[in-house]
Each structure stands twice: as C-alpha cells, then as structure tokens.
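Report on the structure given below.
The values are calculated or read from the model by the stated rules, or taken from the named source; none is laboratory data. Since this is a predicted model, take the numbers as computed values, not measurements. With ideal geometry, Cβ positions are generated from the backbone for all residues, glycine too; neighbour counts draw on all protein chains shown.
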Amino acid sequence: MKATIERATLLKSLSHVQSVVERRNTIPILSNVLIEAASNGCVKLMATDLDLQVVETLSAEVDTPGETTVSAHMLFEIVRKLPDGSQIQLSAADGKMLIVAGRSRFSLSTLPRDDFPVINESELPTHFALPTESLKQIIDKTRFAISVDETRYYLNGIFLHVLKNGEGVMKAAATDGHRLACVTVSCPAGAEDMPDVIIPRKCVVELRKLLDECEEEIKISLSASKICFDLGHAILTSKLIDGTFPDYTRVIPTANDKLLKVNPKALMQGVDRVATIASEKTRAVKMTIEPGKISLSVTSPENGMATEEVPGEYDADHLDIGFNARYLLDILGQIENDVAEIHLAESAAPTLIRDSDQSAALYVLMPMRV
Amino acid sequence: MSKLLGHDTAIKIFRHAEESGRLHHAWLLTGAKGVGKRFFADQAAAWLLANAVNPDVKKNVEPLSLDITGHNPTLSLIKAGSHPDLLRLERLFRDSKEQERARNITVDQVRSIQKLFSTTPALSFRRVVIIDSIDDLERSAANALLKNLEEPPAGTIFFLISHAAGRLLPTIRSRCHLLPFHLLEDNLVEHILKHNLPDISDEECASLVKISQGSPGYGLKFAGLDMAELDNAIENLVKTGDRDFLLRSKLAQSLSLKSAQSRYEAFLERAPTRIAAEAHHLRGEKLAQAIHLWEKARQLGNEAVSFSLDPQATVFTLAGFLARLAPTHK
C-alpha cells in the first residue's frame, strides 16, 4: 500500500475514528485502525470496539492500493504533531508502515488485516433517510434520560420505533425509570415496517459528535440486529441492544388536569439555588404550588434550609410535590420556549412536562416523597 | 490447526446434535487435565461461528471432524482474539508477574458475559462463550453464571470445561449437556507428543507417555525437562531404598539450582504420583504405609511453591518418602 494524504484531511478523519477505539484494550488488533487504499483514490479508515464500527472515507493520491492496520492513537498523535499543510505519505510493507512527511519519518508495526473484525453494513433490509435536524433533535432531547444501570441493560439506549396504527409517526424514547423523554417526528418514507430497535448509548454519543458536520439528510439502514448511519463522509454501524424496551406509553399521563405554566429559566435558576442545600444523596426539592406562585424549598437536617419563590400561572388547588433537583434541571434545560407547561395530578403521580401541546418532545418525571 | 485425536465419540455426539437442529445451549466438557477438552471447545466454537456466517463451510469437512480447512475469516478473528461474538473466560494474568495467573475466575469476568448478551450479535446469529475452566470460578462467580446459563439469548452456546465435574455446583451441572472426554491409549498419546515435539528422542518420549497416563496435554507440560533422567532417579530411589542417602542428596542438589526450577516443580508433581502408582501393587500394612506417604508427599508438593519452601530440603524429604517404598526398607 502506498498513498499520500493532506494532513488536515487525515487528522479530521482520524480524530473521528480514534474516539471509537477503547483506550484500554487487551486485544491488540482492537486498538488499531484499518487503512484501505483503493486504486480510485479513496482511502478508508475503519475502527471498531466490537459493538460499534466507524468507517471514514477520504480522498488521497493512491500509488499502490492495499490495506493494513496500525495503532489508531499512535497514528493520530503523529499526524496531530506534524506541521499544518504537510503531505503525509503512508506506505506499508513487510509488517511495517512507513509514515513520511517533510523531514519526519516514522515506522510503525502493523497487524494483519484479516485479524480485524468488520461488520458488514450492506445487507440491512430497511432503508430510509432522516433530516439531520430531526436526528439531532431526537438525540439531544432524549439522551440525558438514558439509563446507566447495567442490570437493566434494555434501558441503556434510545428506543426508536414507528407506530403501527398508520398515524405515520416515528417515536424515540429513553428512560431510566425515574424520568422519561420522548420525541415524535413524522415517519420517513421506507421506515413504515421497520423493527423496533434500541440504539446503544455509545453509538448515540459518537453519532452526535459527527452530526454537526453533516449534510442535510442522513441515510439510515437497519435490521433487527444492526443499525447503520451513512453520514456521507463517514459510515457508523452499531450493534443494537438485545432486549425489549418496556411499554413506556403507559407511564405517560393523559389525565393530569392541573396545569402550571412557568418560565423554565426562572424555575431552573430557583431550583438550582435552593438545591445547593440539598443532601448529595437525595437531591430532593419541594414545590408548593398555589395560584400565582411556586415556593421552592429544601430542608436538610445537616445543612439547614432554603426557600425561594418563583412566579407561575396556576389556577387549580394547592399542591405539594417533590422532585429530584437534577432530574428537574435536566428536563427544564430542554425546554426551548419561554413558557414550560407542567401538567400535574397529585403529589405521588407522574408529572408531564413539555413546551406546548404542539411540541415534538415531551418529558415525564416521577415525583419524590418529601 | 492440528487435528483433535481420540475423541471421535464426542465429535460425533456434538455434530449429530448440531445437525438435528436441537443443539443444547450448554455443554459441559469433562475429563482429566490435558486430554483435549480445550482443543475441542475451540474447534467447536470455530465450527459453530464459521458455519453460522457461511453454511457452505460444513460441506468441505469430513463427517467425523470439526477441522475447518483452508483460509477462513472466522478462524483469523478467533486467533487474533477479536471475534465480536466469542467470549473466552480463563484465569487472568496477574499484573505484577507476567507468567502467573490469578487463582480464580472472578465474578467481574463472569459479569462480562452480560455485556456480550446485552447487545445483538455482530457477525451472525451465533454467540459462543467458553469457560476454561468452570472449576476455577469463585463461588460468587459460579452463582452469577447461573442466570445466564439458564436462559441465554437465542443462538448462544456455552462450552464449560471441567477437570473435576463432581465438585461443580449441582445447579450448574444440571443445566448442562455432559460430554465426557476419556483418557487416550498410549500409542495415540505417543503420536500426539511426537506431532507437537518433532525433535523429541524416543527415550524422552517414552518417559513422557508414561507421565501422561492418557493425557497428552499433561505430558507436554514436562517436555524438554529431561524427564527420562528424572524418572530414572525416581525409579532408582524406589528400587534401592537409597540406604546411604547418596541418591537423594545428589537429586536435591541438582534440583535446587535456580535454573532447574521447572524440573523441581515437575518433581513435586511426579513424586506423589509415583507413590500412588506403587500403592496399586501393595497390600495390607505396606499399602497403609504407602497411602500415608502419598498424603504427606502430596501436601508437601502442593505447599512447596506457594510457601516458598527451600527446594533442597523439600526434594530431600520427598526423595526420602520415595525411598521408603523400597522393598528392602524396614
């Protein structure tokens, strides 16, 4: 293999690829990046952690097509330290890869290409395209609610499914049992019969990093066991979570008749201030809601107490309710309007929070006993 | 890859189960150390994973074999340890000492199975877990395994290697299909030893066959240690009784050298085995005495390395036990 690549191009692709590679790896080949140079001037960089695979394509001057694998972090560091604007020549032969740029020469040891596990991304039956903005919205508005509890592994991702009743909507949901986030977008053509999938957290995180530099549409293909995102310059393929997502629609309250309208920024700041007193363990904030105002209070036996009043629009009966301050802040941080709608029922019932009844995203938060 | 010899029945049972479409999800491979259980597990895992990707692989293989011939991508991945759907649990190397392995397979290692199962398989519908050996599981690890062993996801096959199936938790044993591995005939052992050690002399080979007692892997452990000479020394002790203590002093001196560490460890294993072999021919009071000696020798042999006992004194004592077997000994 022999190819010459411009430093900036190579560095950008490598930075994407190397973030997939696990830092601590007991299996040598998994810390490597697979480099494939084709005769048509295409160079592919591929990295994997066995769950997630990313392939970056970049253009280069290819003298001799071929393929090899070298340590991803090592190559990234070398390319990062080379001067801007330099032309980097990669050539591989006899178990070594030679990197030449200007007056620098590096020789890295390589591992055989056959040892590198490649997930085949071409045989996935369902294909559709989603606008980049929709995908960003799905990820940004739900990922804070993804559970980190490994015993409930089926919650460690975003659940993506299409309603089968012909309404033409696609829903994405994430929950950890205390809070739930759900985003509804219109169902793209081709996705009508897709299987329900749970996209693992690491895939979500890596995908989001790549989305900012993407074109308008992302091509997605998936099966019941794999999902593949074609971002133009990069292709991300991931295994899915092998489990059943719980029927979350049952916890979304439909009959919460007490509506509180409040400025999310003001409420956030208030909650954040009083939560300073709250004990690390529970983080509970009590809200006393009366027509016209919300009293936030925290009482901690060790630290003392704090109260604050926030104005709000409310015309139902007096209500005391407690929430985990961090969860409440997470949700309020997602509200884009100047007014957040908080639908309450009673102090022990799930609470629905959203921008308005037109908004794509809705959140459910379980109260705490205070 | 070389061939698995002497276990045609096991291969037959396994292949029959696979072809009938009712493959049991957990196989307990039992038998003495070194008969070929691990070899079988590796081959069977490769066989399952390769066939799940490409069903044509099977067509080129003889009916009584699991050997996949020629170049196969699955084999390369398994060899590099990078197959995404295969998990192998064995005792980890200790950080401080390169050669030494931890005493147990830990509960954290067993929990990594859950990580494999929580995502969909990558290359086919199959996932394989090899545990080598299930006897090394610490108690909590064994209990952590139960849930996964009971209802693994579809297409998942376990191979559990056990050198002492009787000691396993009954809850593990009852979930598995038992596949026994028998000791091999001496001529087969000799064949395997010669295949693995092409340069071996006939005398050394004969000595290793004797040590193997049907387990070529056990014999291979002693390869290159000049076991023929060591065995000669042991025989001399047993025959003559070493009345003037010359033999045992010489042996103790030669084995106490730093460079003779592996031979010293081999002797620690060989001495109790030799006493046990002798006990088979004895009756009455002599037998009782031999059993008593065997118990002491075995205990000493087990403790010598972990307690860092002085090699010279240990060999001297063990040689003394051997000498007391001699018919002339009063």
#### Entry: segment B:1-44, subset over 11 Å from residue B:64 (Cα atoms) and acidic (Asp, Glu), residue surrounded by the fewest Cβ atoms within 10 Å (Cβ to Cβ)
B:19
### Query
Can you pull out the residues in segment A:158-195 that are farther than 15 Å from residue A:252 by Cα and in contact with a helix residue (DSSP H, G or I) (Cβ under 6 Å, 6 or more places away or on another chain)?
A:158, A:185
### Query
So is residue A:97 within 14 Å of chain B (Cβ to nearest Cβ) and part of a strand (DSSP E or B) or not?
no
### Query
Given (1) within 18 Å of residue A:350 (Cβ to Cβ); (2) aromatic (Phe, Trp, Tyr); (3) not in a loop (DSSP other than H, G, I, E, B), where does residue A:229 come up short, assuming only one miss?
(1)
## Note on the structure
Of the candidates B:68, B:78, the one satisfying the condition of being within 24 Å of the chain's Cα centre (by Cα) and either away from chain A (no Cβ under 11 Å) or over 27 Å from residue B:12 (Cβ atoms) (or both) is B:68
### Query
Considering only residues of segment A:235-250 that are surrounded by fewer than 15 Cβ atoms within 10 Å (Cβ to Cβ) and not in a loop (DSSP other than H, G, I, E, B), which is nearest to the chain's Cα centre (by Cα)?
A:249
### Query
Quick check: anything in segment A:1-16 touching a residue at least 60 places away in the same chain (Cβ under 8 Å), outside any helix (DSSP H, G or I) and within 14 Å of another protein chain (Cβ to nearest Cβ)?
no
### Task
Inspect all residues belonging to segment A:199-216 and state whether any of them is within 16 Å of the chain's Cα centre (by Cα), more than 12 Å from chain B (Cβ to nearest Cβ) and either in a strand (DSSP E or B) or hydroxyl-bearing (Ser, Thr, Tyr) (or both).
no
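Would you please name the residue that is nearest to the other protein chains (Cβ to nearest Cβ), looking only at residues in segment A:101-111 that are farther than 24 Å from residue B:121 by Cβ and not in a loop (DSSP other than H, G, I, E, B)? Walk me through it before giving the result.
The initial filter retains those residues of segment A:101-111 that are farther than 24 Å from residue B:121 by Cβ, namely A:101-110.
Then keep just the ones that are not in a loop (DSSP other than H, G, I, E, B); that gives A:101, A:104-109.
On the way: A:101: 30, A:104: 30, A:105: 28, A:106: 24, A:107: 22, A:108: 18, A:109: 15 Å.
So, considering only residues that are farther than 24 Å from residue B:121 by Cβ and not in a loop (DSSP other than H, G, I, E, B), the one nearest to the other protein chains (Cβ to nearest Cβ) is A:109.
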### Message
Please count how many residues of segment A:264-280 are assigned to a loop (DSSP other than H, G, I, E, B) and buried (at least 19 other Cβ atoms within 10 Å of the Cβ).
### Response
2
### Task
Kindly indicate whether any position in segment A:119-132 is assigned to a helix (DSSP H, G or I), surrounded by fewer than 19 Cβ atoms within 10 Å (Cβ to Cβ) and β-branched (Val, Ile, Thr).
yes
### Query
Among the residues of segment A:296-308, is any assigned to a loop (DSSP other than H, G, I, E, B) and either buried (at least 17 other Cβ atoms within 10 Å of the Cβ) or in contact with a strand residue (DSSP E or B) (Cβ under 6 Å, 6 or more places away or on another chain) (or both)?
no
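To keep it simple, each residue is scored yes or no on (1) more than 30 Å from residue A:157 (Cα to Cα); (2) among the aliphatic types (A, V, I, L, M); (3) out of contact with any helix residue (DSSP H, G or I) (no Cβ under 6 Å at 6 or more places or on another chain).
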{"residue": "A:257", "(1), (2), (3)": "yes, no, yes"}
{"residue": "A:271", "(1), (2), (3)": "no, yes, no"}
{"residue": "A:307", "(1), (2), (3)": "yes, no, yes"}
{"residue": "A:316", "(1), (2), (3)": "yes, yes, yes"}
### Task
Scan (1) in contact with a His (Cβ under 9 Å, 6 or more places away or on another chain); (2) away from every other protein chain (no Cβ under 11 Å) for the single condition residue A:114 breaks and write down its number.
(2)
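Return yes when residue A:258 is in contact with a His (Cβ under 9 Å, 6 or more places away or on another chain), assigned by TED's automatic domain parsing to the domain that holds residue A:350 and more than 18 Å from residue A:20 (Cβ to Cβ) and no when it is not.
yes
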## Note on the structure
By residue number, the members of segment B:203-243 that are within 14 Å of residue B:193 (Cα to Cα), surrounded by 18 or more Cβ atoms within 10 Å (Cβ to Cβ) and acidic (Asp, Glu) are B:204
### Message
Six or more apart or on different chains, Cβ atoms under 8 Å: show the pairs whose first residue is in segment A:118-134 and without any contact (Cβ under 8 Å) to a residue 40 or more places away in the chain and whose second is surrounded by 18 or more Cβ atoms within 10 Å (Cβ to Cβ).
### Response
A:120/B:123
### Message
Return the residues of segment B:238-272 that are of a type in the set (Ser, Thr, Tyr) and part of a helix (DSSP H, G or I); say none if nothing qualifies.
### Response
B:240, B:249, B:254, B:259, B:262, B:264
### Subset of segment B:103-117 [surrounded by 13 or more Cβ atoms within 10 Å (Cβ to Cβ) and away from chain A (no Cβ under 14 Å)]
B:104, B:105, B:106
### Summary
Of the residues in segment A:18-45 that are in a helix (DSSP H, G or I) and under 26 Å from the mean Cα position of the chain (by Cα), the one that is farthest from the other protein chains (Cβ to nearest Cβ) is A:18
### Query
Which one is surrounded by the most Cβ atoms within 10 Å (Cβ to Cβ), of the residues in segment B:118-133 that are of a type outside the set (D, E, K, R) and within 10 Å of another protein chain (Cβ to nearest Cβ)?
B:119
### segment B:304-326, subset within 26 Å of the chain's Cα centre (by Cα) and small (Gly, Ala, Ser), residue modelled with the lowest pLDDT
B:306
#### Entry: Candidates A:86, A:109, A:91 - the one that is assigned by TED's automatic domain parsing to the domain that holds residue A:37 and either on the phi > 0 side of the Ramachandran plot or touching a helix residue (DSSP H, G or I) at 6+ places or on another chain (Cβ under 8 Å) (or both)
A:86
### Query
within 14 Å of another protein chain (Cβ to nearest Cβ), at pLDDT below 95 and over 16 Å from residue A:351 (Cβ atoms), is that true of residue A:242?
yes
#### Entry: Sole residue being more than 25 Å from residue B:18 (Cα to Cα) and among the polar types (S, T, N, Q), chosen from B:140, B:124
B:140
### Query
So which of B:125, B:158, B:117 ends up being aromatic (Phe, Trp, Tyr), in contact with a strand residue (DSSP E or B) (Cβ under 6 Å, 6 or more places away or on another chain) and within 19 Å of residue A:242 (Cβ to Cβ)?
B:158
### Query
If you check residue B:267 against the conditions, is it in contact with a Gly (Cβ under 9 Å, 6 or more places away or on another chain) and buried (at least 16 other Cβ atoms within 10 Å of the Cβ)?
yes
### Hits in segment A:298-335 (condition: polar (S, T, N, Q) and over 28 Å from residue A:145 (Cα atoms))
A:303
